[in-house]
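Nothing in this text is a laboratory measurement; each read-out follows from the coordinates by a stated rule. Since this is a predicted model, take the numbers as computed values, not measurements. When we count neighbours, we look across all protein chains shown, and the Cβ atoms used for this are built from the backbone with ideal geometry, even at glycine.
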Amino acid sequence: MKRLLLALLAGILLSQSLHAQTFQSKRRTKAFTEFKFGRLNPVDTDTGNLYGISTGRRIDNRLFWGAEINYFAANFRQETTIADSVVGGISFSQKRLELEFDTRIMMLMFILTYERPFSDQSPLYLRGAGGLGWELIWNNEDNFLEGFNRDRFFHGLGWQLSGGVGMVISNTGVLFFDVFYNNSFASRNQDRDEQGLPVWDQINVSGLGIKVGVNILGLGFFR
């Protein structure tokens, strides 16, 4: 049984090594597209899901440029338990919804990516990337205690840094895992107060996150 497992492991590693060699030869000439999913924990909102796509092409055998769009969505609810009861040995709680926030962020980025395989035959890659662009934030607030609803729109400059690892899974595909930091202080409605001083609203959507996804060679707009 042990020999069988070792043989299977050796076969998987050999297969991935062959894929890596084919992948690296194609990587020098191909455009790419990445599909990704992750989580982000901004300072001024709740933790939410992140969905993204990026596309670009190589500069040389290590550097790649591209454009990236990420969409973030989070929901925060503030509830209060106003009554507890037990009926037939089953506990029930009556809750009251007091506050609800829905936050959506669209991140439009220009990215520069660096990738380096562990060796010419290795299926594993080190990845690093930096991005700069504009972030658009929509925030909806329902305050049931005070009886009002409002929508606010923010926008501002944002940048990201990420690092992680990738593993070649086919002749044109890489499965990857990245940790990233997003930085953006967005603002809205710049006015002046009674003394003529500038006044505006600001939201901080900076935070740490993770992304997992797949990079596909030959699929992209920049060929």
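Roughly how big is segment 103-163's charge dipole about its Cα centre, with Cβ charges of +1 (Lys, Arg) and -1 (Asp, Glu), in debye to the nearest 20?
Values: 5 positive and 7 negative charges, 37 e Å.
With only Lys, Arg, Asp and Glu charged at Cβ, the dipole is about 180 debye.
D for segment 130-223, whole µm²/s, Stokes-Einstein with Kirkwood Rh over alpha-carbon pairs at 20 °C and 1.002 mPa s: what number?
Estimated via Stokes-Einstein, D reaches 127 µm²/s.
What does the charge dipole of segment 110-204 about its Cα centre add up to, to the nearest 20 debye, if the Cβ of each Lys and Arg holds +1 and the Cβ of each Asp and Glu holds -1?
It works out to roughly 420 debye.
Can you list the aspartates and glutamates whose alpha carbon is less than 16 Å from that of LYS30, not counting same-chain residues fewer than 8 positions off?
Partners within reach: ASP60, GLU115.
What are the ³J(HN,Hα) values, in whole Hz, obtained from phi via the Karplus relation 6.51 cos²θ - 1.76 cosθ + 1.60 with θ = phi - 60°, for each residue of segment 102-109 in sequence order, with x given for Gly and Pro?
Along segment 102-109, the couplings run 10, 10, 10, 10, 10, 10, 10, 10 Hz.
So how far apart, in nm, are the two label points at ILE90 and HIS155 if each is 7 Å from Cα heading toward Cβ?
Those two pseudo-labels are separated by 5.1 nm.
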